[in-house]
C-alpha cells in the first residue's frame, strides 16, 4: 500500500513485523503468563479447578467473539482508533484482575481482557493485508510468527518466577505493563493503513452479509477451518498442559514454565526453517508437510497415554513436534484466507482469528468435560488434527462444475 508516493510505503516490512508481532502477542502472552498460576489460584480463592478452568474459557469466549466486532469496526473507522480503544479496555480489565478479591471478579476481568486483547490479532493481520500481498505477505506473517513465539516462550517462565518471588497478582501487573507498551507502540509508530474506511462496514445487516459471504466462500472457509483446528490446538494445549505437567508429572510452576520453552522454541525453529524454505518454494507447498507433522504428534499423544507413565519428555516431545509443524501451516493459510478480500480485510481477519480461538475454545471445553487431563490430551488434540487435515484436503479439491 502506498501513501501518495509509489516509492514510499506506509510501513517497512521490519516495522510492520515488529509492531504487528507486539500486537498479536498480547493475547497469547496474557494466556501464557496465567497458565502456571491456575493450580495456585484455585487455592488462593478457595475455589475448584473447574472454576479456574472457566476463567480460561471465558478469556477464550471474549477473545473469539470480540474479534468479530473489532475487525469490521477497523474497516469502518480505521485501524488505529479501534485498536487503541480495545487496548484501553484490556488495560482496565488487567487492573481489575490484579486487585480481584473473589473468583467471580476474576472471571469478569478475564472475559473483558479477552475482549480487549482481540483487537491485536484482528487489526494486525488486517494491517499486513493493507500493506502486503502474495509471498511478501507470507514472509511477513512468518517473521511475525517467529517474533510472536518469543513472548509466549518466556511468559510461562516469567509467570512461574512471579509466583515463586511474589504472588499471583504480580502476573497481572506484568500484563498491565505489556499492555502499556503495546499502546505506546501503536500510538507512536503506526500510521493509519486503512486508506478507505467506510462506515457501512459497521452496519449490522451489512456485516452479517459480509460474514455470510466469507463462510460460503471456499477460498476462506477451508483455510479458516484448517487454521482453527491446527493453531487452535496450541490454545487447547494451554488449557490441558498445566494439569498434566503440574498435577500428573509433578512439576513445580517454575519448572512448568521452563518445560513450555520446548513448545515455543520448536515453533521458532520451525519458523526459521520455513523462512529458508520460502527462498526455494512457495508457502502453499509447506502446508501439507506441516499438517503431517501435527498428525504424527497427535499419534504420539495416543501412544504416550497407553505405553508410558507421563513424564516431561513423553509429553513435551510430541508438543515440540506439533509446534514445529504449526509453523509450516500458518503463514500460507493466513495469506490465502485474507488475500481475496481487500475491501473487508478487517472482517476477514476477524473471522479468521475467531476460527482459531474458536477452535481453541472448542478443544478446551471438550477437554474440560474429560476429568483425566492425560486422556483429554490423547483424545482432543489428535481429533483436532484429523479435522484440520480433512479440511485442507477438501480445500485442495477443485469444485465440480
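A short reminder: the numbers here are calculations on the coordinates, not readings from a lab. Nothing here was measured: the structure is a model prediction, and the numbers come from that model. When we count neighbours, we look across all protein chains shown, and the Cβ atoms used for this are built from the backbone with ideal geometry, even at glycine.
Inter-part distance, the range 327-401 to the range 76-113, computed on C-alpha centroids, equals 26 Å. Highest mean first, the peptides 376-383, 313-320, 237-244 sorted by other C-beta atoms within 10 Å per residue fall in the order 237-244, 376-383, 313-320. Using R0 = 41 Å, the C-beta based FRET efficiency linking residue 85 and residue 279 works out to 0.55.
What FRET efficiency comes out for the pair residue 296/residue 390, r = Cβ-Cβ distance, R0 = 25 Å, nearest 0.05? Rounded to the nearest 0.05, the efficiency is 0.95. With the biggest extent put first, the Cα atoms of the range 222-273 measure 39, 24, 12 Å across the principal axes. Kindly list the residues of the range 50-92 that lie in the label zone of residue 203, defined by a backbone N under 13 Å from the point 7 Å along the Cα-to-C-beta vector. What the label zone holds, given the 13 Å backbone N cut-off, is no residue at all. Computed from the Kirkwood radius of its Cα pairs, the Stokes-Einstein diffusion coefficient for the range 100-242 at 10 °C and 1.306 mPa s stands at 86 µm²/s.
Build a GNM of the chain with springs between Cα atoms under 10 Å apart, and of 217, 336, 167 the one that fluctuates most is 217. Cα centroid separation, the range 233-265 to the range 9-48: 16 Å. Scoring 174-186, 323-335, 48-60 by mean Cβ neighbours within 10 Å over their residues and listing the highest first yields 323-335, 48-60, 174-186.
For the range 70-135, a Kirkwood hydrodynamic radius built from all Cα pairs, placed in the Stokes-Einstein relation at 25 °C and 0.890 mPa s, yields a translational diffusion coefficient of 192 µm²/s. This structure gives Cα Rg over 2.2 N^0.38 Å, computed directly, and of (1) 1.00; (2) 0.93; (3) 1.48 that value is listed as (2). Between residue 181 and residue 258, the modelled label-to-label distance comes to 2.3 nm, taking each label 7 Å out from Cα in the direction of the beta carbon. For residue 247 and residue 105, a Förster radius of 25 Å and the Cβ-Cβ distance give a FRET efficiency of 0.50, rounded to the nearest 0.05. Here the scattering of the range 250-401 is modelled by Debye summation over its C-alpha atoms, one equal scatterer each and no solvent; at q = 0.10, 0.12, 0.21 Å⁻¹ the log10 of I(q)/I(0) is -0.42, -0.60, -1.48. Per residue of the chain, the DSSP helices (runs of n ≥ 4 H) give a summed -39500 (n - 2.57) that works out to -27500 deg cm²/dmol at 222 nm.
Taking the convex hull of the alpha carbon atoms in the range 198-241, what volume per residue do you get, in Å³? Each residue corresponds to 102 Å³ of Cα convex hull volume.
For the peptides 10-23, 278-291, residues were scored by their other Cβ atoms within 10 Å and the scores averaged per peptide; the highest-first order is 10-23, 278-291.
Its alpha carbons give the range 23-97 an Rg and a Dmax of 14.6, 45 Å. Plainly put, the range 316-401 has a radius of gyration that is 1.03 times its Kirkwood radius, both from alpha-carbon atoms, as the Rg/Rh ratio. The length gained on full extension between residue 43 and residue 306, counted as 0.36 nm times the residue separation minus their Cα-Cα distance, comes to 91.5 nm.
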